[in-house]
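The values are calculated or read from the model by the stated rules, or taken from the named source; none is laboratory data. The shown structure was predicted, so the numbers you read here are calculated from the model rather than taken from an experiment. Positions of Cβ are generated from backbone atoms using ideal geometry, with glycine treated the same way; all protein chains shown enter the neighbour counts.
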Amino acid sequence: MGCMAEPVIIEDVDELRALAPVTSAPIRHHVFVCTGKSCSARDSAEVKDAFEGELKARGILFGREAKGKNPKGSVVLTECASVGFCAIGAAVMIYPDGVWYAQVRATDVPEIIEEHLVNGRVVERLALLKLPSDGSKEDSSTGSDWEA
């Protein structure tokens, strides 16, 4: 059996930045949309597509111009797997604010972008959790439908 080569660690910061253009973009927010099994059953793909379309239309979605995105965009959009509230998806998390939205539908996306990302106001009707959180005082050892 052959040995795998050790990964090369790049120590030159300029070289790292050249390989990761996101490091020089004016990023203000990172939006995660859960596309895990349960959220997918609640149309999370449409939610992610709505974020992508609306953010592109506003010119604030970070990414390559060849993909219709803006290399100087202020929002990164990422799909993720289960975050632990599968029964009430689609789940959307916005950082650095630490706001977790539940039951998000594609029709909610323009409001989240306008209110939260552009104007800095949490969409309270969808906000489930704000991190850091002290948690609930209730017993959390119940057999819930958590799949992470």
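All of Thr23, Thr35, Thr78 fail the test of being within 11 Å of the chain's Cα centre (by Cα) and more than 23 Å from Arg121 (Cα to Cα), apart from Thr35. Residues of the stretch 105-142 that are surrounded by 10 or more Cβ atoms within 10 Å (Cβ to Cβ), modelled with pLDDT under 95 and among the charged types (D, E, K, R): Lys130 alone. The helices (runs of 4 or more DSSP H) found entirely in the stretch 10-71 that carry 2 or more residues being within 23 Å of Glu114 (Cα to Cα) are 44-58. Answer with yes or no whether Gly68 is among the small types (Gly, Ala, Ser) and farther than 23 Å from Lys37 by Cβ. When the stated conditions are applied, Gly68 passes them.
Among the residues of the stretch 1-39, those that are surrounded by fewer than 14 Cβ atoms within 10 Å (Cβ to Cβ) and closer than 30 Å to Val109 by Cβ comprise Ala20, Pro21, Val22, Thr23, Ser24, Pro26, Lys37.
For Ala57, indicate whether it is surrounded by fewer than 15 Cβ atoms within 10 Å (Cβ to Cβ), closer than 15 Å to Leu77 by Cβ and of a type in the set (A, V, I, L, M, F, W, C). Here the answer is yes, as Ala57 does meet what is asked.
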